[in-house]
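All remarks here apply to the structure that follows.
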Amino acid sequence: MTQTLLFACDLSAENRAAFARALRLASEQGARLDVIHVLDPYLPHRVLRDLEEAVVADMQATLTDIREDYALPEPQVLLQTVTGSPYAEIIREAHEREVDMIVLGAHRKRGQPDLVAGTTLARVLRSAPCPVLTVSHLASQEWRDILVPVDFSLTSRHTLRETLKRFPEARLTLLHAWDIPGERELGSDGDYARWRDREVARLRTQLERETEQLMAELDDVPELELVLEQGDPLEVLMTQLRRQPPDLLALGSRGQLGRQSHITEPLLAEPHCDIMLCRAW
């Protein structure tokens with residue numbers, strides 16, 4: 001069955017990178033690309049009719065320009081306008097079309113995590129029935145390096161499985177942040193240091209076992225690197241992103257975005273790479 005990607009286009013210059021990535025992904029995965037633009041429902045009908053034609057023409061022109069700029073083949077594409085509230089229409093269309101991924105542009109107010117919560121992006125992330133990709137970087141090449149934070153939860157297992165299924169040729173780095181109590185007070189004690197080393201070894205073994213179980217479900221085993229770092233999960237993740245930015249960050253989310261907004265919102269406000277967010281339920 002052919003996959004379907006849904007790209008929500010807002011016609012802005014900043015949205016061009018997301019449009020290009022959506023086209024590249026559709027070409028690479030042999031998927032159909034549905035491109036929608038949400039119009040204000042309170043405009044007069046005559047204005048809406050004229051605007052619909054102009055918007056579709058603009059999207060077609062942008063599509064042609066991007067294909068020429070990136071030398072991309074033309075996938076199966078559907079260009080449409082819909083009317084309503086942007087985030088509600090994106091979610092409705094995703095359900096009705098049974099799409100496999102939603103592609104959006106990045107949050108525009110960079111460096112301002114407090115402003116993320118009420119955006120269309122955040123609202124879509126809270127309710128999307130499929131992984132959501134937010135694009136902030138040029139689509140000049142396919143993703144080669146993907147970073148996946150893991151914590152042994154069902155959510156991180158789901159995210160890793162989705163990543164392996166969608167990008168089997170990429171190199172994956174699995175990042176686990178650990179924090180053992182007593183490090184500050186007892187870090188120099190010899191007995192504590194030996195116990196700590198055993199705990200870190202146990203964590204690595206557990207991470208390897210989790211990964212092997214997932215590998216057994218797949219035909220191809222990708223190139224993997226396991227990284228364990230001590231510290232707060234957000235601080236460890238941000239340090240890794242600044243030190244060695246991946247092409248894509250695959251992040252898991254449990255239920256509503258707000259439950260882990262202290263991690264998600266700073267990442268959306270200051271993206272060091274493209275981000276795929278997968279809700280486990």
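Taken together, the values in this text are just the output of simple stated rules run on the coordinates, not laboratory data. Values in this document were obtained by computation on a predicted structure and should not be read as measured data. Cβ placement follows ideal geometry from the backbone for every residue including glycine, while neighbour counts extend to all protein chains displayed.
Of 244, 6, 64, which is farthest towards the positive pole of the chain's charge dipole, taken about the Cα centre with +1 and -1 on the beta-carbons of Lys, Arg and Asp, Glu respectively? Positive-end residue among those listed: 6.
Here the Karplus curve 6.51 cos²θ - 1.76 cosθ + 1.60, taken at θ = phi - 60°, turns the phi angles of the range 27-44 into couplings of 5, 5, 9, x, 9, 8, 10, 9, 10, 10, 10, 9, 9, 5, x, 8, 6, x Hz, with x standing for Gly and Pro.
Backbone amide hydrogens, once placed in the peptide plane, bring residue 178 within less than 5 Å of 229, 230, 231, excluding anything fewer than 5 places away on its chain.
Of all the options 47, 200, 148, the one that moves most in a Gaussian network model of the chain with Cα springs shorter than 10 angstrom is 47. Computed over the chain with a Gaussian network model linking Cα atoms closer than 10 Å, the most mobile of 82, 35, 135 is 82. Taken about its Cα centre, the chain carries a charge dipole of roughly 480 debye when the Cβ of each Lys and Arg holds +1 and the Cβ of each Asp and Glu holds -1. Each residue of the range 74-79 was assigned a 3J(HN,Hα) from its phi angle through the Karplus expression (A = 6.51, B = -1.76, C = 1.60, θ = phi - 60°), giving 8, x, 6, 10, 10, 9 Hz with x at Gly and Pro.
Rounded to the nearest whole Hz, the Karplus-based 3J(HN,Hα) values (6.51 cos²θ - 1.76 cosθ + 1.60, θ = phi - 60°) of the range 239-249 follow the sequence 4, 5, 5, 6, 6, 9, x, x, 6, 8, 9, with x at glycine and proline. Taking square-rooted eigenvalues a ≥ b ≥ c of the alpha carbon gyration tensor, is the range 1-105 rounded, prolate or oblate, where a/c under 1.5 means rounded and, failing that, a/b exceeding b/c means prolate? Since a/c reaches 1.5 but b/c is at least a/b, the shape of the range 1-105 is classed as oblate.
Summarising the amide proton neighbourhood of residue 7: residues at separation of 5 or more, or on other chains, whose placed amide H is nearer than 5 Å comprise 34, 35, 36, 103. Considering only 201, 88, 26, the residue lying farthest towards the positive end of the dipole of the chain is 88, judged by Cα position with unit charges set on Cβ.
Sparse packing (at most 16 other Cβ atoms within 10 Å of the Cβ) combined with a DSSP loop state is found for the following GluC sites (Glu not before Pro) in the range 1-109: 98. When Cα extents along the principal axes in Å is calculated for this entry, the matching label among [x] 51, 42, 38; [y] 78, 40, 31; [z] 64, 46, 32 is [y]. Comparing 153, 27, 136 in a Gaussian network model of the chain where C-alpha atoms under 10 Å apart are linked, the largest mean-square fluctuation is found at 153.
Summed over qualifying helices (DSSP H, 4 residues or more, each -39500 (n - 2.57)) and divided by its residue number, the chain shows a 222 nm mean residue ellipticity of -14000 deg cm²/dmol.
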